[in-house]
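Here the structure is laid out as structure tokens; the discussion comes afterwards.
The values are calculated or read from the model by the stated rules, or taken from the named source; none is laboratory data. The structure displayed is predicted, hence computed values, not measured ones. Cβ placement follows ideal geometry from the backbone for every residue including glycine, while neighbour counts extend to all protein chains displayed. Accessible surface is based on the protein model in full, side chains and every heavy atom, while ligands, DNA and RNA are left aside. Shrake-Rupley method; radii C 1.70, N 1.55, O 1.52, S 1.80 Å.
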Amino acid sequence: MNPEAAVDYSIVPLLMLLTSLLPGAIIFFLREDRTRLRTALNLFGALSKVAFVVVLIPPVVAGEKLRASMEWAPGIDIVLTTDAFSLFFVGLSAALWLVTTIYAIGYLGGSPNQSRFFGFFSLCVTATTGIALAGNLLTFLLFFELLTLVTYPLVAHRGTKEALNGARTYLIYTLGGGALVLIGVVWLTVIAGPVEFVSGGAPEVAAAIDEHPVAMTAIGGLLLVGMGVKAAIFPLHGWLPVAMVAPAPVSALLHAVAVVKAGAFGIVRVVHDLFGLEAADRLGLLSVLAAFAGFTIIYGSVRALMQDDLKRRLAYSTVSQLSYVALGAALIAPLATSGALVHIVHQGLMKITLFFCAGLFAEVIGVSKVSGLRGAGRRMPLTSLAFTIGAFGMIGLPPLAGFVSKWPLALGGLDAEAPWVVGVLVVSTLLNAAYFLPVVYALWFTDPDPGADWSGRRSGTRRFEAPHALLWPAVTTAALSVVVGVAAGWGYSPWSLAEFIAEGSYR
């Protein structure tokens with residue numbers, strides 16, 4: 001989203017893709033008992049991707065953009081670029097892939113089909129990286145569809161009837177959304193030719209809007225609705241609570257890094273780097289997107305309030321919180337855009353913490369219902385503390401990550417002369433408190449139920465409340481949720497990078 005970036009042709013974007021693709025391809029062929037090699041490949045891939053991001057951030061912020069392209073078919077090029085926005089999303093997926101990999105190793109220890117699981121796990125991250133690095137709409141579509149296909153086996157991993165039903169629902173929704181995106185991409189290519197993402201909007205799209213405004217409005221609608229399925233915007237969200245049947249690491253990945261974020265990322269790309277804000281507004285796309293996002297924020301929170309199953313409560317919370325990104329992307333105000341962008345990272349940190357904790361409660365004390373968490377803070381204090389930080393962040397309490405997202409969104413709403421946005425955020429915050437604070441209260445301020453067989457005993461001879469591989473990823477992401485809020489003013493913080501990226505859309 002920086003139009004002034006200098007472009008250098010490089011193999012680096014392709015190498016970033018291979019850091020997860022190659023380990024995944026090898027892991028599929030490993031025997032189940034090759035645990036150490038599988039773990040080493042996973043961690044090597046994750047650390048390599050993180051290293052690429054850390055090295056690339058300074059030059060990209062300084063205005064350098066790396067590009068790799070190859071002809072796939074006549075007139076169709078696969079284009080990968082490392083602009084600031086793509087690196088922003090890759091950085092999120094790389095960092096959270098690393099901690100989720102560690103968590104998954106601990107969570108799945110001793111269970112069958114681990115090579116299959118971690119193979120698709122790596123391919124899922126590969127597809128997400130491809131979406132982030134996609135330099136044109138066709139490349140984006142390719143990885144967008146790949147993400148759907150490689151995530152299905154993860155949702156269905158347990159092989160139970162409930163898992164298969166959840167995975168089938170997920171597949172029906174996301175393939176349907178992908179079909180709409182495909183139609184939109186083909187239609188746009190017929191009218192305007194292959195289109196690359198350009199900050200402020202692609203020139204070919206601007207010319208096509210002048211000549212075919214009705215068709216371009218329909219194309220914009222198809223793309224946004226198709227991506228809205230993965231972003232879980234009402235009424236396209238039905239797959240997300242059902243997919244909670246997946247193992248906890250998959251739920252964490254779906255909600256914080258991969259599928260839902262791919263949809264939100266795609267919406268921002270379409271609005272800001274394909275159509276451009278002014279053109280999208282002229283076609284009426286922004287007002288419709290903002291209306292659906294605002295409704296989804298409230299709807300998701302109300303539905304979360306009604307859930308006793310902890311993962312389903314978190315799932316409906318995601319439905320609500322993801323629409324903050326769509327809402328900010330639909331407002332013509334730099335602060336709103338910055339708030340939307342930084343929420344991609346902040347929501348990821350907070351939500352992955354909450355899902356890690358949900359998995360810990362289920363694995364260690366066998367509790368998956370909110371009503372069963374009474375007094376669990378005494379048995380699992382670190383997990384409960386991590387959950388509390390994640391919950392307070394989601395509510396938007398300063399100085400946590402959620403506050404740094406919500407505050408600029410509210411100010412951006414005022415700048416965009418849309419004061420109703422403030423009302424939506426206030427109501428959403430109150431509802432967030434209504435469904436998160438009872439969980440926190442139950443953890444810390446109530447006694448365990450008399451029938452709870454875990455009350456009053458520790459976990460055998462362990463020093464800590466849970467296995468290290470499960471506990472420390474949750475504690476780490478909770479700590480990061482505090483750090484990115486407290487250090488928001490640092491030059492390379494997610495907030496500072498979001499401001500830098502957003503500025504590019506308004507030049």
Accessible surface, the chain, averaged per residue in Å² (probe 1.4 Å):
36 Å²
Mind jotting down the distance between the C-alpha centroids of the range 397-413 and the range 347-362, whole Å?
21 Å
Checked the range 62-136 against the a/c 1.5 cut and the a/b vs b/c comparison, axes a ≥ b ≥ c from its Cα gyration tensor; verdict oblate
With x for Gly and Pro, the residue-by-residue ³J(HN,Hα) of the range 499-507, computed from phi through the Karplus equation 6.51 cos²θ - 1.76 cosθ + 1.60 at θ = phi - 60° and given in whole Hz, is 4, 4, 5, 5, 4, x, 6, 10, 7
Using amide H atoms built in the peptide plane, which far-off residues or other-chain residues are under 5 Å from L66 H to H?
D8, T82
Can you bin the range 396-507 into rounded, prolate or oblate? Criterion: square roots of the alpha carbon gyration tensor eigenvalues sorted a ≥ b ≥ c, rounded for a/c under 1.5, prolate for a/b above b/c, oblate for the rest.
oblate
Ordering of 492-504, 23-35, 367-379 by packing [mean C-beta count within 10 Å, highest first]
492-504, 367-379, 23-35
Please work out the C-alpha center-to-center distance from the range 47-81 to the range 223-263 and express it in whole Å.
26 Å
Taking H as built 1.01 Å from N, whose amide H comes closer than 5 Å to the amide H of N136, not counting residues under 5 places away?
V79, F197
In order through the range 69-74: 3J(HN,Hα) via Karplus (6.51 cos²θ - 1.76 cosθ + 1.60), integer Hz, x for Gly, Pro:
9, 8, 7, 9, 8, x
In the chain the accessible area split gives carbon plus sulfur, as whole percent at 1.4 Å, a share of 67 percent
Show the residues, 5+ positions off or on another chain, whose built amide H is closer than 5 Å to the amide H of K369.
L310
Could you give the Stokes-Einstein D for the range 79-214 in µm² per second, using the C-alpha Kirkwood radius, 20 °C, 1.002 mPa s?
127 µm²/s
Report the Rg/Rh value for the range 260-335, based on alpha-carbon coordinates and the Kirkwood definition of Rh.
1.06
Normalised Cα Rg of the range 18-119, dividing by 2.2 N^0.38 Å with N its residue count, works out at 1.28
Cα long-axis angle, helix 12-27 against the chain (0 to 90 degrees, to the nearest 10):
40 degrees
Mind checking the angle between helix 259-268 and the chain's longest principal axis? C-alpha axes, 0 to 90 degrees, to the nearest 10.
30 degrees
List, in the order given, every pair from K230/K351; K230/K406; K311/K351; K49/K261; K161/K351 whose Cα-Cα distance in the structure shown is over 20 Å.
K230/K406; K161/K351
Histogram of C-alpha separations across the range 287-408, 10 Å bin width, %
14, 41, 30, 12, 3
By a straight-distance test (C-alpha under 13 Å), which aspartates and glutamates pair with K65 as possible cross-link partners, with residues fewer than eight away in the same chain excluded?
E4, D8, D83
What list of ³J(HN,Hα) couplings, whole Hz, do you get for the range 198-211 from phi and the Karplus terms 6.51, -1.76, 1.60, once you set θ to phi - 60° and write x for glycine and proline?
9, 4, x, x, 6, x, 5, 5, 4, 5, 5, 5, 5, 8
At a Cα cut-off below 20 Å, give the aspartates and glutamates reachable from K369, other chains included and same-chain residues fewer than 8 away excluded.
E162, D308, D309, D447, D449, D453, E465
For peptides 186-196, 106-116, sequence by mean Cβ density within 10 Å, most packed first
186-196, 106-116
Taking a temperature of 4 °C and a viscosity of 1.567 mPa s, what whole-number D in µm²/s does Stokes-Einstein yield for the range 270-314 with Rh from Kirkwood over alpha carbon pairs?
105 µm²/s
Per-residue ellipticity at 222 nm for the chain, helices alone: DSSP H runs ≥ 4 residues times -39500 (n - 2.57), over residue total, nearest 500 deg cm²/dmol?
-23500 deg cm²/dmol
Give, in whole angstrom and from largest to smallest, the semi-axes √(5λ) of the equivalent ellipsoid of the chain, with λ running over the eigenvalues of the Cα gyration tensor.
35, 26, 21
Limiting things to C-alpha atoms, what are the Rg and the maximum Cα-Cα separation (Dmax) for the range 150-265, in angstroms?
16.7, 53
